[in-house]
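Some notes on the structure that comes next.
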Amino acid sequence: MVLRAARPLLSRAQTWTADALNPQLLKAQYAVRGAIPLRAGQIAEDLRKGVGSYPFDKVVFANIGNPQSLRQEPITFFRQVLSVLELSSNAGNHEHRKQIENLFPKDVVERADAYLQSGGLIGAYSDSNGIRQSREEVARYISDRDGYPASPDDIFLTAGASEGIANVLEALIANDNVGVMIPIPQYPLYSATITLCNGRAVHYYLDEENAWDMSLDELKRSIAAARNEGTDVRALAVINPGNPTGQCLSREAIENVIRFCNDEGLVLLADEVYQTNTYDATRPFFSFKSVLRSIPECSESVPLFSFHSLSKGMLGECGRRGGYMEMTNIDQSVRENLLKRASINLCASVAGQAMVGMMCQPPKPGDESYPLYNEQFTATFESLKRRAQKLSDAFNSMPGVSCIPPTGAMYLFPRIELSSTAQDAAAKKGLAPDAWSCSSRRDWCCVVPGSGFGQREGTFHFRCTFLPPEEDIDGLVDSIRAFQEKWVATYGL
Ligand SMILES: Cc1ncc(COP(=O)(O)O)c(C=O)c1O
């Protein structure tokens with residue numbers, strides 16, 4: 001018998017369109033993958049298929065911090081341990097095991113065994129807060145980094161930092177009156193998630209004149225303005241090192257933020273996914289946890305969530321979806337509910353969880369895998385530093401562009417001058433001026449407008465990663481310079 005779909009069902013399905021969607025989903029915006037990158041993707045596809053006519057033969061995607069998509073080399077040790085996990089037989093076949101031992105260095109096999117013994121069977125669900133071995137490795141990393149104890153019981157392994165951040169925001173936003181302070185410019189995960197949860201984003205501006213520093217006066221202005229409007233401000237998010245702004249905060253700035261949260265009774269979210277991407281020895285990374293512990297009057301009182309990720313640093317393993325969240329001064333009742341939230345998603349990818357442990361405890365001097373690990377890590381780090389410097393110098397030499405050299409992260413956020421003629425022309429197209437400038441780049445470089453990250457009224461920027469391979473940087477600079485010169489000649493400054 002042949003079964004056919006009943007007609008009424010089909011027509012009902014056809015009536016389900018965007019205007020019937022959750023309005024918060026419709027409102028949420030995420031510029032990093034918005035209209036401009038989609039258009040760039042179409043052009044790249046045309047070029048691949050030999051369709052259309054373009055005055056260039058490739059597109060460089062400088063819109064998103066996705067290092068391996070721009071040919072950053074994966075680190076061998078991490079991939080080898082994952083390969084052993086992939087190859088391991090659940091039945092413990094002796095011959096099979098011998099083959100694995102012959103194929104891989106001893107420290108690789110030992111590390112894989114540690115994950116397997118800790119429940120890290122990569123085809124099985126793990127505990128919702130993550131496998132114990134990795135949580136112990138994370139805790140050891142944090143206590144060595146900070147000089148203060150850390151416990152595996154305070155760690156959740158998450159599907160990238162994004163999942164931890166989203167779960168905490170979702171838990172915080174108890175009603176539509178709740179506000180969360182976020183930096184402007186910001187990484188749009190924050191604004192989008194707050195919108196999805198129907199909360200209020202309370203903006204505090206970073207100070208471009210002071211290399212994107214945070215100012216206590218600005219925090220006070222922002223919270224007072226929000227409270228005046230009746231917003232119940234409950235939390236403050238900080239991104240350090242900054243995305244899209246690339247600044248590494250001074251210890252003093254971090255202390256000010258912590259004291260401010262203590263005075264105002266705020267939960268602190270410290271997004272530290274770029275903690276190993278620091279390029280200026282005079283601006284080292286300080287974790288919020290370590291600074292918190294050093295201030296006696298705040299040490300036990302300010303609730304802090306700290307986030308880290310596999311996606312950045314010298315790993316760039318974005319596709320693994322691995323990260324961790326550390327909870328400091330978080331009440332047991334909140335932890336229990338966050339564990340329930342994590343358990344609704346069952347668990348993060350177990351391969352990603354194992355990699356988070358490896359990120360935190362990579363090979364050490366004396367280990368068989370150390371020389372290669374160190375060579376690969378250092379080569380990527382030095383290359384990122386060179387690319388950051390070269391691109392920011394180039395931006396600063398272009399007409400109508402100025403750029404704060406980054407001390408951290410993976411991005412430049414150059415300011416562009418857009419004349420009133422250019423702004424009028426953009427308005428006629430119904431576009432934000434910087435969005436029009438970015439989408440007018442019919443060259444081979446995809447960058448995203450500052451308006452997607454937020455910027456002070458009347459200023460315009462774009463975000464450009466410094467991840468494209470070194471051999472592409474000169475071409476990238478030439479194409480942006482040619483575009484900028486033509487733009488200034490057409491619209492003036
Ligand atoms: C500041 C910041 N936080 C969080 C994330 C999300 O990272 P993940 O891939 O770990 O979810 C990103 C990604 O670009 C980021 O820039």
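The values are calculated or read from the model by the stated rules, or taken from the named source; none is laboratory data. Remember, predicted model here, so these are calculated numbers, not experimental data. Neighbour counts are summed over all protein chains in view; Cβ atoms, including those assigned to glycine, are modelled from backbone coordinates with ideal geometry.
Observations, loosely collected:
- Pairs linking a residue in region 412-431 that is in the same structural domain as GLN186 (by TED's automatic domain parsing) to a residue that is among the aliphatic types (A, V, I, L, M) and outside any helix (DSSP H, G or I), with Cβ atoms under 6 Å and 6 or more positions apart or on different chains, do not occur.
- GLY120 assigned to a helix (DSSP H, G or I) and either of a type in the set (Asp, Glu) or surrounded by 21 or more Cβ atoms within 10 Å (Cβ to Cβ) (or both): no
- One residue stands out among those in region 73-85 that are surrounded by fewer than 19 Cβ atoms within 10 Å (Cβ to Cβ) and either in contact (Cβ under 8 Å) with a residue 24 or more places away in the chain or within 18 Å of the chain's Cα centre (by Cα) (or both): the one that is farthest from PHE462 (Cα to Cα), which is THR76.
- Candidate set: region 48-86, residues that are outside any helix (DSSP H, G or I) and among the hydroxyl-bearing types (Ser, Thr, Tyr); chosen: the one nearest to LEU412 (Cα to Cα): TYR54
- The residues on offer are ALA124, ALA112, ALA62, and the sole one that is touching a Pro at 6+ places or on another chain (Cβ under 7 Å) and either assigned by TED's automatic domain parsing to the domain that holds GLN353 or of a type outside the set (S, T, N, Q) (or both) is ALA62.
- Test: ARG71 is more than 27 Å from GLU317 (Cβ to Cβ), of a type outside the set (Ser, Thr, Tyr) and modelled with pLDDT under 90: no
- Residues of region 63-88 that turn out to be hydrophobic (A, V, I, L, M, F, W, C), within 16 Å of the ligand (Cβ to nearest atom) and touching a helix residue (DSSP H, G or I) at 6+ places or on another chain (Cβ under 6 Å), as a count: 2
- Matching residues in region 406-449 - criterion: being acidic (Asp, Glu) and either modelled with pLDDT of 85 or more or in a strand (DSSP E or B) (or both): GLU417, ASP424
- Applying the condition of being in contact with a Pro (Cβ under 8 Å, 6 or more places away or on another chain) and part of a strand (DSSP E or B) to region 267-286 and asking which residue is surrounded by the most Cβ atoms within 10 Å (Cβ to Cβ) yields LEU268.
- Residue selected from region 309-355 under the condition part of a loop (DSSP other than H, G, I, E, B) and farther than 18 Å from ALA161 by Cβ, by the criterion farthest from the ligand (Cβ to nearest atom): ASP331
- Residue that is nearest to the ligand (Cβ to nearest atom), among those in region 124-170 that are farther than 22 Å from GLU336 by Cβ and among the acidic types (Asp, Glu): GLU137
- Considered as a group, the residues in region 246-271 that are touching a Lys or Arg at 6+ places or on another chain (Cβ under 9 Å) and within 16 Å of the ligand (Cβ to nearest atom) include one that is nearest to ALA226 (Cα to Cα), and that residue is ALA270.
- Listed by first and then second residue, the pairs linking a residue in region 148-170 that is closer than 18 Å to ALA235 by Cα and surrounded by fewer than 24 Cβ atoms within 10 Å (Cβ to Cβ) to a residue that is at pLDDT 95 or above and basic (Lys, Arg), with Cβ atoms under 6 Å apart and 6 or more places separating them unless they lie on different chains, are ASN167/ARG341.
- Failed item, numbered, when VAL302 is tested on (1) under 23 Å from the mean Cα position of the chain (by Cα); (2) buried (at least 21 other Cβ atoms within 10 Å of the Cβ); (3) farther than 16 Å from ALA166 by Cβ; (4) more than 16 Å from the ligand (Cβ to nearest atom): (1)
- Picking from residues in region 450-480 that are outside any loop (DSSP other than H, G, I, E, B) and touching a Ser or Thr at 6+ places or on another chain (Cβ under 8 Å), the one that is nearest to ALA201 (Cα to Cα) is GLY450.
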